Structures are given as C-alpha cells and as structure tokens.
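For reference, the structure discussed in these notes is given below.
The values are calculated or read from the model by the stated rules, or taken from the named source; none is laboratory data. What you are looking at is a predicted structure, and each value in this text was computed from that prediction instead of being measured. Ideal geometry is used to build each Cβ from the backbone, glycine not excepted, and the neighbour counts take in all protein chains shown. Side chains are part of the model used for accessible areas, which takes the heavy atoms of the whole protein and leaves out ligands, DNA and RNA. Shrake-Rupley method; radii C 1.70, N 1.55, O 1.52, S 1.80 Å.
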Amino acid sequence: MKNQGSALPIENAIEKAIELLQKGEVVAIPTETVYGLAADALNSEAVARLFELKKRPKIDPVIVHCYCASHVFGFVRNLPEPARLLATTYWPGPLTLVLEKKESIPDIVSAGLPFAGFRVPKHPLTLKLIEKLGRPLAAPSANRFGKISPTSAQAVFEEFNHLIPLILDGGPCPVGIESTVISFAHDPPLLLRYGAIPREEIEKRIGPLTLPAPKTAWNLAPGRFPKHYAPSIPVEIISSVSEIPYWKRKNAGLIFWGTEDTTGFKVVKNLSKEKSLIEAAANFFQMLRELDKSSIEKIYALLLPEEGLGEAINERIKKAAGSPSP
Ligand code: TXA
Ligand code: MG
C-alpha cells in the first residue's frame, strides 16, 4: 500500500490519520511552516515513539499543536496578558508560546519542564484533523534530529517512508521556516528561536524581548544547538562570491539571493531573484535539501540582510554551517 496522503482522497486520509493517532501511532502532518511528525500529545507512549523515530534526545521538548487559541488556553495554568495578545494576534500562525502547562500535558512533551510550547498551525488539513480528533498533537519537524526540516510531503517520504504509516499531503509549506518560539518562563519573555514572525514585529506589540545569549543556555531550546538543520555536505559561509576561485567552484554549490556572477559553480540555488525575504524563506530548506542531494563536495552560502525574516534565515544558514547562533 502506498502510504502518502495523496494516494487517498483527503477526507479519507484525515479519517485514517485519526484512526492511527487514536491507536497511538505517529503520522506526518502539513503545517504552514514545515511538515511535522505528530502523535497524540496526551498519550505519553505515543510521544515516546515520536522521540524514538526522530532520534531526538528526551531533553528536547516538543510543541503542542491545537486547533484554536481557546483549545490552547485549556491546557495552560497561567496566561500572561502579553501572551494572550500574541496568541489572539498571530494564531493560527507561525508562533509558538512557551507557557506554564496543566498536568494534563504529560511531562515527556515538555521534557520534564513545567512550561510547554503551544501553537495553532495555519493549515486547513491539520486544523481539521486536530479538531476532529479532539486532542492536541505533539509535533516536532519531520526530520531526523539535527537534519534539514521538510517543506514537502516528498521530503518527509524520503526520510520516513518505511517508518510511519501515513503522510498527510497538504502540498508545499508556504512559509518554509519554523515558527518563532517565545518563552513566558522569563521576564521579559525570551526569544528562544528566531522564526517566521520577525522579532521586531513581536517587540512592537509587547515590548523588548530577552534575546538568547550567545553560546549559552542551549538547554533552554535545544533547537539552539550550534549545529542543526545540517546537510551532510559541509557548508561554508562566505562574504562575497568573488572570494571563491574557479578551481574550487567546479565541485561546489552556491546558495544566495539576488544577482551574482555565479560562473563555474556546479549547482546554483537562488533563494529569491527579486530579493524577497518571504520567497527566500519559502525556498530555503527545499534548496538546501536539493544541494545536499547533488554530487558536490562543498556548499557555499551568502548571508541575507540581518532584518525581518533575514534574521531567522541567517540563523539557519549559520547552524547548517555549524557556527554558533548569534
Ligand atoms: O514551525 C514549527 O514550529 C514546526 C511545526 C511542525 O509546527 N515545529 C518545530 O518543532 O519546529 P521542533 O521540535 O523541530 O522545534 C521546536 C523547538 C525546539 O527548539 C524546542 O527545543 C523548542 O521549540 N521548544 C519546544 N517546547 C519547548 C519548551 N517547553 N521549552 C523550551 N523550548 C521548547
Ligand atoms: Mg526541528
């Protein structure tokens, strides 16, 4: 049996996903950011299976996905006003709020912390699935720990085909990079992960955030491990294309945006010719994945401007290169 959601009419695929989730199995789901590997968040054993599949250390908590803000609030013990404001402004959307959880959320979900990450994803199939299931879904990105996040059903299929019974195919992810993660375990709230909603936008609404300290506190959000989103081919950040001599270009790929003279590179990936950060974010993981599949020895990367979504994309480029986050 072909397992991808696309092989089943979508209503049947949702019904099938519900049946599997109720049995404690893991299925892949689409979101607007990246695909997730989902399990019933209230079933510890199912969540343990998730960790196992991803080869993820149990100290790294997973996000709880709900179908609306009030669904989230039912699992939260204490909701600070600024968190409520962000929730009502951005959900459904690419924002994760780390909030004090009620006991109904098992400890394995939050890696033993009293605070769990919550979000309402903006994808009609997944929202329908969660609502019909009537239970929240624990879902990390559908890649092995530390590897490139998947932005299409095909990318999930390549990594987990033999290991999961169903991939709900919701098409390519329109946003393309993960949610911004903000922790209300800190005052002022701590920006745990740069993501699809730019830092400045959030600060305009709730005031200055605490920014992650360089090289420290990786235990706060292990997505902040210095090497993450890693292709198997080494990535090197360069400041201009002209610094790479032609003999080195022959066996190398380049990821950049705009217009550059890319003569001589074996594979070239342009994140956005028009220099749109939204387009660059949507293309980023897919292009990194394609480079990783090419027969090249090295990937050279140019950083984007450090503003808006550029901050989040750059952080992912730096992590792919194995350099510590800002
Ligand atoms: O866009 C997204 O957020 C995607 C889609 C599938 O929703 N999910 C995702 O999950 O990126 P994951 O597990 O790959 O990354 C979640 C990040 C990790 O860095 C994790 O450490 C952090 O959020 N996180 C989750 N719960 C947390 C908590 N209770 N405290 C601190 N950090 C938390
Ligand atoms: Mg991830």
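Could you grab me the full set of residues in the stretch 72-92 that are in contact (Cβ under 8 Å) with a residue 40 or more places away in the chain and open to solvent by less than 30 Å² (accessible area, probe 1.4 Å)?
Across the stretch 72-92, the qualifying residues are 72, 75, 76, 83, 86, 90.
Here's the yes/no breakdown for (1) in a helix (DSSP H, G or I); (2) of a type in the set (Ser, Thr, Tyr); (3) under 22 Å from residue 94 (Cβ atoms):
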position	(1), (2), (3)
19	yes, no, no
25	no, no, no
28	no, no, yes
31	no, yes, yes
39	no, no, yes
51	yes, no, no
56	no, no, yes
61	no, no, yes
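Check off (1) part of a helix (DSSP H, G or I); (2) within 27 Å of residue 173 (Cα to Cα); (3) out of contact with any strand residue (DSSP E or B) (no Cβ under 9 Å at 6 or more places or on another chain) for residue 272 and give me the number that stays unchecked.
(1)
Restricting the search to the stretch 251-274, which residues are open to solvent by less than 70 Å² (accessible area, probe 1.4 Å) and over 27 Å from the mean Cα position of the chain (by Cα)?
Within the stretch 251-274, 251, 262, 264, 265 qualify.
Residues of the stretch 275-326 being assigned to a helix (DSSP H, G or I), open to solvent by 10 Å² or more (accessible area, probe 1.4 Å) and touching a Phe, Trp or Tyr at 6+ places or on another chain (Cβ under 7 Å), which ones?
Matches in the stretch 275-326: 311 only.
Can you confirm whether the stretch 152-159 contains a residue that is open to solvent by 10 Å² or more (accessible area, probe 1.4 Å), within 16 Å of ligand 2 (Cβ to nearest atom), under 16 Å from the mean Cα position of the chain (by Cα) and among the hydroxyl-bearing types (Ser, Thr, Tyr)?
Yes, the conditions are met somewhere in the stretch 152-159.
Every residue in the stretch 60-107 that is at pLDDT below 95 and of a type in the set (S, T, N, Q), please.
78
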